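For reference, the structure discussed in these notes is given below.
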Amino acid sequence: MKETIFTGCAVAIVTPFNNGAVDLEVLGRLLDFQIENGTNAIVVCGTTGEATTMSYQERMRTIAFCVEHVSGRIPVIAGSGSNSTENAITLSRDAEHCGADGLLVVTPYYNKATQAGLIRHYRTIADAVSSPVILYNVPSRTGVSIAPETYAALAEHPNIAGVKEASGNLGNVQRTRSLCPEDFCIWSGNDDETVPICALGGKGVISVAANVLPAEMRRLAQLCLNNDFAAAGKLQVHLKDFCDAMFCEVNPIPVKTALNLLGWNAGELRLPLCPPSKAHLENIRKVLAQYGLTR
């Protein structure tokens with residue numbers, strides 16, 4: 001049996017940028033905030049962390065800082081995907097060298113690989129590292145989706161731990177669970193699908209909303225793991241407006257805006273991302289007040 005890298009709630013943490021550089025001081029405070037509120041793992045340099053806008057040196061320094069600052073308190077999982085298999089291997093090996101406990105590897109975007117190509121891509125990366133690899137299926141961003149049968153083939157690899165599933169296709173999640181061994185973990189990649197995916201055997205969520213509401217998202221995941229789906233369902237419904245607001249524009253525009261409104265000094269977004277529209281900004285302000293985070 002493969003060891004499960006984490007259960008519960010992992011935060012897909014933002015990367016604070018100030019004056020064109022990664023603000024490690026603010027990042028350290030955000031990491032402590034997550035750990036103090038019970039978050040089970042940190043995912044750094046993922047989509048929410050704007051990794052594709054970061055230089056290679058910035059990514060490695062940010063991953064290394066997270067590993068150093070977290071200091072073994074919870075797992076640190078590093079985003080190391082690329083649409084080039086060779087580049088993904090380099091990023092994965094170097095993130096592993098920085099001390100990351102696991103690797104999150106998105107499907108190769110733009111290339112639109114076939115299912116056979118996805119199998120070869122992921123096996124080649126997993127062969128090159130010793131850390132557990134979490135697949136990341138987010139077809140709305142990449143243009144390609146991993147089929148359940150492909151998950152079944154990849155689940156045979158000893159270094160492939162599971163998938164962050166953000167396709168929104170619950171039918172495929174059911175088929176994946178039926179085709180794959182129990183030690184192939186499924187984590188929800190969409191905050192508002194945490195309960196249904198956990199009800200289908202998922203192990204938790206890799207969350208955007210947890211940047212702002214870590215304790216609530218941690219509680220949601222734990223209720224699911226405790227099989228208290230009645231209470232989990234009520235909490236999921238309660239959090240729906242907040243989760244929707246965090247995706248009123250493309251992630252991470254809303255969540256980074258929310259953190260700034262709450263005084264975290266998460267800094268600017270990097271182009272091609274830009275601040276939200278006036279209407280969406282007001283919506284974010286409204287939802288922060290609705291959930292008692294501001295007056």
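Structure data summary
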read-out: Protection-proxy order for peptides 186-196, 70-80, each taking the mean of Cβ atoms within 10 Å per residue, highest first; value: 186-196, 70-80
read-out: Among [x] 30.9, 99; [y] 18.5, 59; [z] 17.8, 53, the entry derived from the coordinates for Rg and Dmax of the Cα atoms in Å; value: [z]
read-out: Ratio Rg/Rh [Cα only; Rh per Kirkwood] for the range 166-233; value: 0.96
read-out: For the range 225-230, 3J(HN,Hα) per residue [Karplus equation, 6.51 cos²θ - 1.76 cosθ + 1.60, θ = phi - 60°, Hz, x = Gly/Pro]; value: 5, 7, 6, 9, 6, 5
read-out: Viscosity 0.890 mPa s, temperature 25 °C, Stokes-Einstein D of the range 148-293 from Kirkwood C-alpha radius, µm²/s; value: 150
read-out: Overall dimensions of the range 6-141 as given by Cα atoms, namely Rg and Dmax in Å; value: 14.5, 43
read-out: Of the GluC sites (Glu not before Pro) in the range 1-95, those whose Cβ has at most 16 other Cβ within 10 Å and which sit in DSSP loop; value: GLU3
read-out: Vicinal HN-Hα couplings computed from phi for the range 77-93 (Karplus, 6.51 cos²θ - 1.76 cosθ + 1.60; Hz; Gly/Pro x); value: 10, 9, x, 9, x, 7, 7, 10, 4, 4, 5, 5, 5, 4, 4, 5, 4
read-out: Over the range 95-168: Rg over Rh, Cα atoms, Kirkwood Rh; value: 0.95
read-out: Over 32 Å (Cα to Cα) - which of LYS164/LYS234; LYS2/LYS256; LYS112/LYS278; LYS112/LYS286; LYS203/LYS256; LYS234/LYS256 fall in this group; value: LYS2/LYS256; LYS112/LYS278; LYS112/LYS286
read-out: Local electrostatic count, THR85, Cβ distance below 13 Å [Lys/Arg +1, Asp/Glu -1]; value: +1
read-out: Whole-number accessible area per residue in Å² for the chain, which is evaluated in the context of all protein chains at 1.4 Å; value: 41
read-out: Placed amide H near TYR109: partners under 5 Å, 5+ positions off or other chain; value: ASN83
read-out: The range 58-66 - phi-based ³J(HN,Hα) in whole Hz, Karplus 6.51/-1.76/1.60, Gly and Pro as x; value: 4, 4, 5, 5, 5, 4, 4, 4, 4
read-out: Heavy-atom accessible surface of the chain: percent carbon and sulfur, 1.4 Å; value: 50
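The values are calculated or read from the model by the stated rules, or taken from the named source; none is laboratory data. Model, not experiment: these values are computed from the prediction. In this analysis, Cβ positions are derived from the backbone assuming ideal geometry, glycine residues included, and neighbour counts consider all displayed protein chains. To get the accessible areas, we keep the full protein, side chains included, count just its heavy atoms, and leave off ligands, DNA and RNA. Shrake-Rupley method; radii C 1.70, N 1.55, O 1.52, S 1.80 Å.
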